[in-house]
Structures are given as C-alpha cells and as structure tokens.
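Peer 1: Input: one structure, supplied below.
The values are calculated or read from the model by the stated rules, or taken from the named source; none is laboratory data. Please read these numbers as outputs of a predicted model, since none were measured by experiment. Every residue, glycine as well, gets a Cβ built from its backbone with ideal geometry; the counts of neighbours run over all protein chains shown.
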Ligand SMILES: [Zn+2]
C-alpha cells in the first residue's frame with residue numbers, strides 16, 4: 001500500500017505512513033487489540049489505501065486478459081465479464097497475485113452468472129464457484145430478467161416491511177412519521193428504482209407503495225383513502241408528506257440514472273453498448289405520469305434529465321390531479337392552502353422535546369389529519385365551548401373563540417417571533433401601549449424601535465383559517481386568499497393610525513394550515529439574518545429554517561389545543577359503553 005501511495009499520490013504518502021507504520025491499539029471493553037493488517041475501518045482514507053493496493057492487480061488483468069469485456073471493481077467487489085477461457089485466465093491471475101498483496105479470493109462467495117440464452121460452457125472454470133443462470137445483484141441492485149428483479153426487490157421489501165412493522169414500537173407519532181418520511185420510504189429503494197427498468201419492478205413497486213400507505217394509516221389512526229394518499233405522496237411544499245410513490249417516480253429515476261451514467265458506461269465498456277430496449281417504454285410511462293403526452297422519445301423531454309427535474313414535473317402533474325379530483329370545495333381549498341410557502345415547515349423540523357419542537361401523539365395526530373384532510377371525528381357535534389356546531393373536519397374548532405385557546409395560539413406565534421427578535425438584539429417589546437398619541441390602544445403585538453430604514457415598526461400577528469365560511473369559496477380558487485383577507489383587515493384597522501404617529505405597521509399573517517403572508521416571511525427572514533450577524537456566521541439558512549420551524553410548531557400546537565379542548569363529550573369506546 002505504501003509503495004502504491006508513494007508512486008500515485010506522493011503528497012499523501014508521509015501522512016499515510018505515519019498513520020499505518022505502527023500498530024495502533026484498539027480498545028474493546030477490557031481487551032486491547034493490535035491493529036496489524038489492512039486499513040482501519042472508519043478511516044476516511046482507508047478505502048483509498050485499499051483501492052490503491054488492489055490497483056496493480058486490476059491493471060494486470062486488463063493487460064494480460066485483453067478479451068475481458070468488463071473489469072470493474074468497487075473496493076473488493078469485482079465484476080468480470082468475458083468468455084469462459086478469459087474468465088478462467090483472469091481467475092488464475094487473481095488467485096496467484098492477490099495473496100502477496102494480502103487479497104485472498106473466496107470462491108464460495110463468488111458467483112458465476114451465465115445468462116439463460118447463453119450456451120453453457122463452464123468446463124474450463126472451477127466447479128466450486130456457485131453458478132446461476134437467473135441473474136445477480138451488483139452492489140445491491142438486481143441485474144437480470146424481470147422475474148429476478150422482482151424477486152430481489154421483493155426480498156428487500158420484506159426486510160423493509162419488518163422495519164415498518166416495528167415502527168409503532170417507537171411509541172411517538174411525530175418521530176414515527178419523521179422516520180417513515182426520511183428513512184423508510186422512497187430513499188430506501190431509490191437505488192433499485194434507478195438501476196432497474198420500471199417494467200421489471202412494477203409489481204413490487206406497487207406493493208411498496210401499499211406498504212408505505214398502510215404504515216401511514218397506522219400513524220394517522222385510520223384509513224387513508226385515495227385522495228388523501230395522493231396528497232400524502234406529494235412533496236411537503238405541495239401540501240403532502242413527501243411519501244412519494246415508487247410506481248409513479250420509477251420512470252424518472254431510471255431515465256435520470258441511465259442518462260447520468262451514459263458517459264461512464266461508454267468509458268468502462270470497450271465498445272458502445274447496443275441501444276437499450278427499455279428507454280422508449282420508460283419515456284412513455286414518464287409521459288403519462290408527468291401528463292406530458294408530447295414526450296414520445298428522450299429528445300422530446302424539455303427539462304434536464306436529472307431525477308430532481310423529472311420528478312418535479314411528475315409532482316406538478318400529481319398536484320394538478322389532486323386539485324382536479326378534489327371531491328369538495330373544502331378539499332380544493334385545503335390542497336391550495338397547504339401548498340402555500342412555508343405551510344409544510346412543521347413537518348420538516350426535528351421533533352426535539354429539548355428544543356420545544358415536539359408534539360405529543362394526540363396533538364400530532366390531529367394536525368396530521370387536518371393537514372391531509374382526513375376527518376378528525378366521525379360526525380359533527382355541539383361544540384363544548386360555544387355550543388355551535390363542531391364539524392367532523394375540525395374547521396369550527398380551529399377558529400372557535402369559546403375560550404382562550406385561540407388567543408393562546410396567537411400569543412405562542414407572537415412569542416416565538418418576539419424571542420427571536422430578542423436574540424437578534426432588536427430590542428423588541430410586546431403589546432407596547434402609547435404608540436398612538438392620545439390613545440392607549442396597542443396596534444402591534446411586537447414593537448421594534450429600529451426596523452427597516454431605521455423606522456420604529458409595530459408588528460401584529462393574525463392567524464386566519466382559510467376553511468372558514470367567509471373565505472373557503474375563494475380559497476378554493478385563489479391560493480393565499482385568506483392571507484390577503486387577513487392582511488387587508490389588519491392594515492385597514494391600524495396602518496393609517498400608526499403612520500400618523502410616525503410608526504410603520506407590518507401585519508404578520510399566517511393561515512391555520514401554516515401558509516405565511518409575504519411580509520411574515522420577510523420579517524422572519526430578516527430577524528434570522530440579524531441573529532446570524534450577531535453570531536458572526538455568513539450562512540443564515542439553518543437559523544432561518546429553524547425559526548420558521550419554531551413559528552410553525554407554535555401555530556400547530558395552538559391548533560391542536562383548539563381541537564383537543566373541543567372533543568365530543570362522550571368518547572367512543574370499543575364495547576359501546578362510555
Ligand atoms: Zn366552538
């Protein structure tokens with residue numbers, strides 16, 4: 001290894017030799033182990049050292065067995081392709097020259113693949129190497145006919161189902177949902193989607209989607225019918241949960257991957273490969289998913305052939321499908337409102353109790369149902385706080401002024417912004433009286449003496465429900481309609497009086513689904529930057545997203561209080577006895 005590093009990367013040689021020229025001690029409980037051979041696991045340079053040690057052997061294979069069609073390695077995972085005679089020659093070199101380098105081939109862990117349509121002629125190859133004619137996995141990706149790909153994907157899905165089944169043992173809905181979205185959904189199988197033609201894995205991809213949907217139902221605490229599942233499968237910025245469908249996104253993944261690796265494939269193979277028969281059918285499927293019937297071949301696709309871009313078009317089509325298939329005016333208003341800027345922030349925070357960003361199970365489940373549009377209750381009932389009708393979706397409850405819950409939600413949002421302004425050293429004060437000459441009115445929840453252009457500014461918080469009777473019809477047509485109603489209401493009440501006293505006025509309006517008005521976004525962003533300036537860092541992105549998350553959790557926790565304090569008086573029970 002040292003010789004190879006000295007020759008190929010001389011400026012790294014001294015460092016590697018100082019690391020590996022002695023035998024470092026590894027401590028395991030009471031035991032001490034001398035690290036005598038190989039590279040150290042966990043050493044970021046370890047794989048490089050290993051690969052360089054292996055390199056002379058690979059070059060020897062390339063030079064001495066010129067008939068090899070493929071000679072590619074990922075560390076100790078090598079793939080050779082060629083005639084039986086060439087493979088036998090290559091094997092001989094590996095077994096002869098590997099041991100002096102510390103590399104020993106384990107025949108029983110190797111695999112000889114002979115395609116089903118190839119003539120079986122393995123007599124020149126050792127018989128103790130396992131042989132298959134169906135297919136093989138390379139770095140976890142199945143390579144072979146459709147039934148083999150389905151089989152390998154199915155085996156992975158079985159393991160994934162075990163994890164999904166164990167998810168409820170976490171015992172915390174918000175954490176379970178975060179784990180499902182971030183670790184157990186599409187990211188878990190995206191490498192298979194990229195490597196296999198969609199037609200090869202269609203059945204298992206559909207089964208994967210069903211498994212994720214069933215797990216979501218466990219977290220939501222009830223059935224998730226088609227429209228809700230369609231919504232959940234959208235990105236958070238489209239009002240979903242980012243539980244993207246494997247079936248729907250597999251064409252985008254495969255086409256992006258084949259396009260991205262095209263030059264690498266050409267580089268590895270001695271001669272250009274024959275055109276893939278899978279491209280045209282996959283383009284056709286992508287065209288369907290993206291609602292772009294004009295995409296007939298790769299050249300027709302007018303966005304970059306990257307998964308992010310292709311999946312974005314699929315997401316846009318899916319969102320349009322959600323709007324077009326909305327069963328009611330409320331559903332459509334919900335879909336539009338939950339796709340407003342920052343509406344999905346509450347889902348993207350780390351559910352930390354220490355940071356005050358955690359929602360209890362009952363809170364989280366209500367929020368999740370309201371977000372997806374799943375009814376909170378089986379029917380309407382008299383609101384225990386105001387005796388008006390509390391509806392099954394929780395729309396009355398989330399705006400009910402029957403006790404102080406609505407004020408508490410408002411104050412929680414206000415306090416989150418006020419605390420951030422304090423951290424930014426903007427000298428904010430809450431509910432400052434006497435801003436208006438001759439009046440004790442308090443036009444702003446937060447007063448900052450020196451804001452934009454050095455002017456004193458009053459900020460007033462308003463949380464408004466787009467799904468209330470007053471705004472729902474227009475909210476189903478115009479995204480952000482309720483925000484505009486809220487802004488106009490606040491400006492009409494306070495702007496003129498504030499300006500006449502030399503104070504600027506900024507309404508900070510949020511919808512109950514988390515969408516924020518432009519001025520609210522601007523204000524929170526400016527405060528975040530001011531905090532970062534105090535800390536002396538140039539990148540304010542983490543602080544900004546954290547502050548948006550903090551405001552979002554304050555809002556949603558407030559929503560949850562309104563729902564949970566207005567539950568039906570007789571809870572349902574299993575045996576019908578209250
Ligand atoms: Zn009420």
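Peer 1: Evaluate the following for residue 398: is it within 21 Å of residue 343 (Cα to Cα) and either in a loop (DSSP other than H, G, I, E, B) or away from the ligand (no atom under 16 Å from the Cβ) (or both)?
Peer 2: Answer is no for this residue.
Peer 1: Say whether the condition of being within 14 Å of the ligand (Cβ to nearest atom) and more than 15 Å from residue 560 (Cα to Cα) is met by at least one residue in segment 358-380.
Peer 2: Checked against the condition, which is being within 14 Å of the ligand (Cβ to nearest atom) and more than 15 Å from residue 560 (Cα to Cα), segment 358-380 yields at least one hit.
Peer 1: In segment 211-288, which helices (runs of 4 or more DSSP H) lie fully inside it and hold 1 or more residues that are surrounded by fewer than 16 Cβ atoms within 10 Å (Cβ to Cβ) and in contact (Cβ under 8 Å) with a residue 12 or more places away in the chain?
Peer 2: Qualifying helices (runs of 4 or more DSSP H): 246-260, 262-268.
Peer 1: Go through (1) more than 34 Å from the chain's Cα centre (by Cα); (2) within 10 Å of the ligand (Cβ to nearest atom); (3) surrounded by 21 or more Cβ atoms within 10 Å (Cβ to Cβ) and name the single condition residue 428 misses.
Peer 2: In the conditions (1) more than 34 Å from the chain's Cα centre (by Cα); (2) within 10 Å of the ligand (Cβ to nearest atom); (3) surrounded by 21 or more Cβ atoms within 10 Å (Cβ to Cβ), residue 428 misses (2) alone.
Peer 1: Condition first: assigned to a loop (DSSP other than H, G, I, E, B), at pLDDT 90 or above and within 16 Å of the ligand (Cβ to nearest atom). Can you find one or more residues in segment 402-409 that meet it?
Peer 2: The first filter runs over segment 402-409 and keeps only residues assigned to a loop (DSSP other than H, G, I, E, B), leaving 402-404.
Restricting the remaining residues to those that are at pLDDT 90 or above gives 404.
Narrowing further to those that are within 16 Å of the ligand (Cβ to nearest atom): 404.
Yes, segment 402-409 has at least one match.
Peer 1: Considering 433, 384, which residue is farther than 25 Å from residue 444 by Cβ and either within 15 Å of the ligand (Cβ to nearest atom) or not in a helix (DSSP H, G or I) (or both)?
Peer 2: The conditions single out 384.
Peer 1: Further, regarding this structure: For residue 392, state whether it is free of Cβ contacts under 8 Å to residues at least 40 places away in the same chain and either within 16 Å of the ligand (Cβ to nearest atom) or assigned by TED's automatic domain parsing to the domain that holds residue 553 (or both).
Peer 2: Values: free of Cβ contacts under 8 Å to residues at least 40 places away in the same chain: yes; either within 16 Å of the ligand (Cβ to nearest atom) or assigned by TED's automatic domain parsing to the domain that holds residue 553 (or both): yes.
The answer is yes for residue 392.
Peer 1: Also, quick follow-up: Answer yes or no as to whether residue 351 is at pLDDT below 95 and within 16 Å of the ligand (Cβ to nearest atom). Give the steps one after another, and end with the answer.
Peer 2: Working: at pLDDT below 95: yes; within 16 Å of the ligand (Cβ to nearest atom): no.
Spelling it out, it is not the case that residue 351 is at pLDDT below 95 and within 16 Å of the ligand (Cβ to nearest atom).
Peer 1: Turning to a different aspect of this structure: Is it the case that residue 417 is more than 11 Å from the ligand (Cβ to nearest atom) and not in a loop (DSSP other than H, G, I, E, B)?
Peer 2: Yes.
Peer 1: Which condition number in (1) surrounded by 15 or more Cβ atoms within 10 Å (Cβ to Cβ); (2) more than 18 Å from residue 517 (Cα to Cα); (3) away from the ligand (no atom under 16 Å from the Cβ) is the one that residue 461 fails?
Peer 2: Evaluating residue 461 over (1) surrounded by 15 or more Cβ atoms within 10 Å (Cβ to Cβ); (2) more than 18 Å from residue 517 (Cα to Cα); (3) away from the ligand (no atom under 16 Å from the Cβ) leaves (2) as the failure.
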